[in-house]
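In what follows, a structure is listed as structure tokens, so that the remarks can point back to it.
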Amino acid sequence: MNAQAVSTKRFYGTGRRKTSVARLYLTPGDGQILVNKREFNAYFGRETLRMMIQQPVEATGNLGKFNVCVNVKGGGLAGQAGAIRHGLARALLILNPDYRKPLNKGGFLTRDSRKVERKKYGHRKARKKSQYSKR
């Protein structure tokens, strides 16, 4: 894609993780990330979550080249960070299909399907049972 076409476009990506859903737009810019209209560093306090979100951008060599505007809801902070990472990888793939190899190698395009197992009746939690006593 030529530079002029990229400068006027927005690239959309949807990411999911646990019960979190992230909808984001990728626009050419200086690397600013807004999460629910808040600054990226203010929304995610833990450095590991911030690092995790930026992994797809680093893998494709686009750090500081795009602004990201994210709307995320559901779940906790870790699930939301995973959803943003998934959506960012999908948006980068729309931007340039050649990014598929580095994104796949990092595992950023794969939807992590693990969810909390439901609680069963007769159990204290999903798998934990009450202690058995013979007498």
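Only the coordinates and a few stated rules stand behind these numbers; no lab work does. On a predicted model such as this, the values are computed, not experimentally measured, just so you know. Ideal geometry is used to build each Cβ from the backbone, glycine not excepted, and the neighbour counts take in all protein chains shown.
At a glance:
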quantity: Qualifying residue in the stretch 60-70 (condition: free of Cβ contacts under 8 Å to residues at least 60 places away in the same chain, among the small types (Gly, Ala, Ser), surrounded by fewer than 16 Cβ atoms within 10 Å (Cβ to Cβ) and touching a Gly at 6+ places or on another chain (Cβ under 9 Å)); calculated: yes
quantity: Within the stretch 81-135, considering residues that are out of contact with any strand residue (DSSP E or B) (no Cβ under 9 Å at 6 or more places or on another chain) and among the aliphatic types (A, V, I, L, M), the one nearest to residue 28 (Cα to Cα); calculated: 103
quantity: Subset of the stretch 10-53 [surrounded by fewer than 18 Cβ atoms within 10 Å (Cβ to Cβ), polar (S, T, N, Q), out of contact with any Cys (no Cβ under 8 Å at 6 or more places or on another chain) and at negative phi]; calculated: 14, 19, 32, 41, 48
quantity: Residue that is surrounded by the fewest Cβ atoms within 10 Å (Cβ to Cβ) [pool: residues in the stretch 76-135 that are among the polar types (S, T, N, Q) and in contact (Cβ under 8 Å) with a residue 60 or more places away in the chain]; calculated: 96
quantity: Positions within the stretch 66-94 being over 9 Å from residue 21 (Cα atoms) and in contact with a helix residue (DSSP H, G or I) (Cβ under 8 Å, 6 or more places away or on another chain), in sequence order; calculated: 66, 68, 70, 77, 78, 81, 82, 85, 88, 89, 92, 93
